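K.L.:
This is the structure I want to talk about, given as structure tokens.
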Amino acid sequence: MTDLRDVLRVRPGDTRLADVDPRSTPGLPEGRAGKHAKQWSRDEVAAISQELAAYQEKLFASAKEGATTKRVLLLLQAMDCGGKDGTVRAVTQGLSPAGIKAVSFGPPTDEERSHDFLWRIRRALPGAGYVGVFNRSHYEDVLVVRVHNLVGEDVWSQRYDLINEFEAEQAADGLTIVKVMLHISRAEQKERLLARLDDPTKHWKYNPGDLTERSLWDEYQQAYEDALNRCSTAAAPWYVVPADRKWYRNWAVATLLRHAFADIDPQYPQPDFDVAAERAKLLEAD
């Protein structure tokens, strides 16, 4: 079976977003792109989610007993309407909320601005045994900050190396980082923005400022491309997931997360007591 990571991984210096069709379905099993694709994806993602739940419980139990410091972080980046929230709902549907730490990063607060750009990221990392989810991340500091000229190029250009060092440090300390860019087309973004305006229940999701960001599409694409190529490393590779088709997006991200857990292969800790003896005492008790 094809390893989806090999198909979607960013290879530094060799990735151009213009060459990635946002409606494509790379790595999809043969025969799954037909008229029943959406239902297949829902069933498959639900099944994968149950696998993830089993992995999560083992990881959490092992960490609770002090047997591991390992943890997992799913990091999602995308243009507006890229589908980050929908992806999180789909791929974590079977996980225990008690073992998930989800963080959505907006503009930094005054306190956060008083520290270096990685300060708030370090504080939000999942602890041992936990699954973390970042909706946006430290990459905003080489994306939004760059596109809007919030700091000079001499500042943001140095952040690629700082990010790589930070992620390598965390990986060495037991953090498995799954970094995914949800790649949508400009046409698809327009359709999703229109859907928000046409549905009163989605008006709260619409921000007039989205049109300002949309006008900077080309600048964002270049900023993303540079970040992907500069920060896809052995310790923390980037994956570009074509995201116009939501059913494919959900399956691809769930599959990437399953690969990450399978590599960790967490195991339940061995009890530090005599199970048979404890069972016998319980049976004898009132």
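K.L.:
Out of D161, D199, D173, which single residue is in contact (Cβ under 8 Å) with a residue 60 or more places away in the chain and surrounded by fewer than 17 Cβ atoms within 10 Å (Cβ to Cβ)? Step through it out loud before you land on a result.
P.N.:
Values: D161 fails: in contact (Cβ under 8 Å) with a residue 60 or more places away in the chain; D199 fails: in contact (Cβ under 8 Å) with a residue 60 or more places away in the chain.
Exactly one residue qualifies, and that residue is D173.
K.L.:
State the number of residues belonging to segment 1-38 that are of a type outside the set (D, E), under 19 Å from the mean Cα position of the chain (by Cα) and in a helix (DSSP H, G or I).
P.N.:
5
K.L.:
Could you check segment 128-153 and list, in sequence order, the residues that are touching a Ser or Thr at 6+ places or on another chain (Cβ under 9 Å) and open to solvent by 20 Å² or more (accessible area, probe 1.4 Å)?
P.N.:
First, the residues of segment 128-153 that are touching a Ser or Thr at 6+ places or on another chain (Cβ under 9 Å): 128-129, 131, 133-136, 142, 146.
Those that are touching a Ser or Thr at 6+ places or on another chain (Cβ under 9 Å) and open to solvent by 20 Å² or more (accessible area, probe 1.4 Å): A128, N135, R136, R146.
K.L.:
So S114 passes all but one of these: (1) of a type in the set (S, T, Y); (2) open to solvent by less than 20 Å² (accessible area, probe 1.4 Å); (3) within 27 Å of D173 (Cα to Cα). Which condition number does it fail?
P.N.:
Result: S114 passes all but (2).
K.L.:
Check whether at least one residue in segment 24-41 is under 28 Å from Y130 (Cα atoms) and open to solvent by less than 50 Å² (accessible area, probe 1.4 Å), and report yes or no. Break it down stepwise before answering.
P.N.:
Step one: of segment 24-41, the residues under 28 Å from Y130 (Cα atoms) are 41.
Now drop any that are not open to solvent by less than 50 Å² (accessible area, probe 1.4 Å), which leaves 41.
Yes, that holds for at least one residue.
K.L.:
Restricting attention to segment 214-246, and to residues there that are open to solvent by 30 Å² or more (accessible area, probe 1.4 Å) and within 25 Å of D43 (Cβ to Cβ), which single residue is nearest to the chain's Cα centre (by Cα)?
P.N.:
This residue is K246.
K.L.:
Please identify the pairs in which a residue from segment 241-253 that is within 18 Å of R186 (Cα to Cα) has its Cβ atom under 7 Å from the Cβ atom of a residue that is open to solvent by 10 Å² or more (accessible area, probe 1.4 Å) and among the small types (G, A, S), counting only partners at least 6 apart or on another chain.
P.N.:
Correct list of pairs: P242/S24; A243/G83; D244/S185; K246/G83; K246/G86; R249/G83.
K.L.:
Same structure again: Quick check, is R120 farther than 20 Å from F166 by Cβ and open to solvent by 20 Å² or more (accessible area, probe 1.4 Å)? Steps first, please.
P.N.:
Values: farther than 20 Å from F166 by Cβ: no; open to solvent by 20 Å² or more (accessible area, probe 1.4 Å): yes.
It is false that R120 is farther than 20 Å from F166 by Cβ and open to solvent by 20 Å² or more (accessible area, probe 1.4 Å).
The values are calculated or read from the model by the stated rules, or taken from the named source; none is laboratory data. What you see is a predicted model, and the numbers here were worked out from it, not measured in a lab. We place every Cβ from the backbone using ideal geometry, glycine too, and count neighbours over all the protein chains shown. Just the protein is used for accessible areas: all its heavy atoms, side chains included, with ligands, DNA and RNA removed. Shrake-Rupley method; radii C 1.70, N 1.55, O 1.52, S 1.80 Å.
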